[in-house]
Amino acid sequence: MTDLKLSLACWMYDRTHAIAAGVVKPKGIELSFSSAAQVGDIMRQAIAGAFDVSELGLTYYLRSLELPNPPFIAIPVFPNRFFRHSAIFINRDAGIRTPADLAGRRVGELLRYGHDAGIWSKGAISDDYGVPANSFTYYVGPLDKPAATGDWAAPTAPPGVRIEPLPPGKTLDTMLVAGEIDALFSAWIPPSLRAGSPKVGRLFEDYETVERDYFRRTKIFPIMHTVVIRRAIYEAHPWVAKSIQALFQQAKDMAEGRYRADTVFFSPGVMIPWTSALQDKNRDLMGDDYWPYGLDRNRHVLETFIRYNREQGLIKRDWKVEELFAPETLG
């Protein structure tokens, strides 16, 4: 039988390198792989229908399920995870010393109200510090270059949330430096911070300690992205979901195997000093398999993210995690 020809787009992570290189192949599928300089470009094209299978921000997938004809079905594969206390930036002259000081402030959010990094960081400070997401006035738009086109994933402003577009020619970075916004939620580090501006810092300067404590308390390693299949393809070929899931699992297993083998020789394959010590530190806190795929070990993380999306007005109903993924992939 001829293999089914499908296109797949995903960023070039260590856990997807074997797919990109063709080292692992999906059963029954002839796969064409593509990537992009920025993962957002992949997601924009995916929403426009450019790929059969693609990486997609989890929040964008959740919102797509509430469209009249949902275009995607996901598999429980999560190629992108980050702790996001480090994604909250402040103007140092704004008098913000603690998370509670953010209440009532003018804040920026990268590109749109409700990107994955912003949802997680706002949810965490709401849970742990009592600062709800609707206590801010939002300015949404580009970080450092004025947008040339409209937003490809802008949600409708939820009731009770104040969202302002950026003034013409402004960027979130310049507004943060100038004090025109007090804080910023962003998956990208502001250029001003990278350049050493004395005006810009992080809300949590020692963010690693804060994020490690967050995991210790909650057991949450935040999920940013999942993998989706165009629903028409899935409905015609349901077996594709399991094949693609196995492909991503195999690629991740290969990456983890390389890291484990490399530690024997103090990780010479990575150009980062003390990599072996960092891996030991992470395993002590998070266990050996801290980047799991599948539903069961990610249930609590997914339920938390669904709750955050609901609390922040981005989805209309409380989805059960089983409803998000192809049934064939839940076993």
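The values are calculated or read from the model by the stated rules, or taken from the named source; none is laboratory data. What you see is a predicted model; the values in this text were computed from it and never measured. FYI the Cβ positions are ideal-geometry reconstructions off the backbone, even for glycines, and counts take in every protein chain you see.
In segment 47-64, the residues that are within 16 Å of Y234 (Cβ to Cβ) and surrounded by fewer than 20 Cβ atoms within 10 Å (Cβ to Cβ) reach residues that are of a type in the set (K, R) and at pLDDT 95 or above with C-beta atoms within less than 8 angstrom, at least six apart or across chains, in these pairs: G49/R230.
Restricting G169, G179, G150 to those that are on the phi > 0 side of the Ramachandran plot and modelled with pLDDT under 95 reduces the list to G169.
Just so you know, in segment 44-80 the residues that are of a type outside the set (A, V, I, L, M) and part of a strand (DSSP E or B) include one that is nearest to K5 (Cα to Cα), and it is S54. Within the group M271, M254, which residue is surrounded by 14 or more Cβ atoms within 10 Å (Cβ to Cβ) and hydrophobic (A, V, I, L, M, F, W, C)? Result of the check over M271, M254: M254.
Across segment 38-79, the number of residues qualifying as of a type in the set (S, T, N, Q) and farther than 18 Å from T329 by Cβ comes to 4.
Among the helices (runs of 4 or more DSSP H) confined to segment 163-242, the ones with at least 2 residues that are loosely packed, with under 14 Cβ neighbours inside 10 Å are located at 207-218, 231-236.
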